[in-house]
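Each value in this text was obtained by applying a stated rule to the coordinates, not by laboratory testing. What you see is a predicted model; the values in this text were computed from it and never measured. Here Cβ is always computed from backbone atoms with ideal geometry, including for glycine, and neighbour counts include all displayed protein chains.
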Amino acid sequence: MSQQDSETNTITTETRQQRLIRTGEATTHYLQGVYPFAGRGFFDLAPLNDALCYEVPAGTTAGVIYFRAGNLSDDLLYLTLSLNGHPVRYFPVGPKADFHVHLSIVEFYPAGSRIEVCLAAPRGLTGTVVVDIGILEERL
């Protein structure tokens, strides 16, 4: 969508996402925080924290648009986005490392879906992770 400003003769553009937010057809939600963890095994995936759960409200769909995380521990771990208890995206985080992924493929999940962040790490590993996840909720 393009708009022309008649006074300055410039053209500005906005993305679909920006238009949806500007018009109130969509809102943003965030799952964020700094969380301690204790590894239970690299194949033993478990929810990281109850605060990192989101249920898509009635009359909407929602998609995760970005995922940022940092690992303050001395070993590799991984985080997942899980949908209704099943992992749908995996994010490995190296020791003392961080990342930011702006998701180019965004699946929108229907009302009632439960999105949560899970973690798996080597047994006995303790540490802290920093999580920042952006969710776009669109009205139907």
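Round to the nearest 0.05 the FRET efficiency obtained for Y35 and S113 when R0 = 25 Å and r is the Cβ-Cβ distance.
Approximately 0.65, to the nearest 0.05.
So what is the calculated 222 nm ellipticity per residue for the chain, using -39500 (n - 2.57) for each DSSP H run with n of 4 or more, over all residues, to the nearest 500 deg cm²/dmol?
Roughly -1000 deg cm²/dmol at 222 nm, from the helical runs in the chain.
What does the highest-first list of 120-127, 21-28 look like by mean Cβ count within 10 Å?
Per-residue mean Cβ counts within 10 Å order the peptides as 120-127, 21-28.
Once Lys and Arg get +1 and Asp and Glu get -1 on their Cβ, which of T28, A97, L136 lies farthest toward the positive end of the dipole of the chain?
A97
Counting other Cβ atoms within 10 Å, which trypsin sites (Lys or Arg not before Pro) in segment 55-118 have at most 14 and lie in a DSSP loop?
Answer by residue number: K96.
Using a cut-off of under 18 Å, list every residue of segment 27-48 whose amide N is near the label point 7 Å from the Cα of Y66 along the Cα-to-beta-carbon line.
Taking a point 7 Å out along Cα→Cβ of Y66, the residues of segment 27-48 whose backbone N falls under 18 Å are 27-34.
Charges only on Cβ, +1 for Lys and Arg, -1 for Asp and Glu: so what's the dipole of segment 28-139 about the Cα centre, in debye to the nearest 20?
Charge dipole of segment 28-139: 120 debye, to the nearest 20.
Where does the charge balance sit around L31 when Lys and Arg score +1, Asp and Glu -1, over other residues with C-beta under 15 Å from its C-beta?
It works out to a net charge of -2.
I'd like the Kirkwood hydrodynamic radius of segment 28-139, using the inverse of the mean 1/r over distinct C-alpha pairs, in Å.
14.1
So for the pair H102, V130, with labels modelled 7 Å out along Cα→Cβ, what separation do we get in nm?
Label-label distance for H102 and V130, simple model: 2.0 nm.
Over segment 3-140, calculate the relative contact order: mean separation of alpha carbon pairs under 8 Å at least 6 apart, over the residue count, as a percent.
40
If R0 is 41 Å, what FRET efficiency do you get for V88 and T12 from their C-beta distance, rounded to 0.05?
Efficiency, rounded to the nearest 0.05: 0.70.
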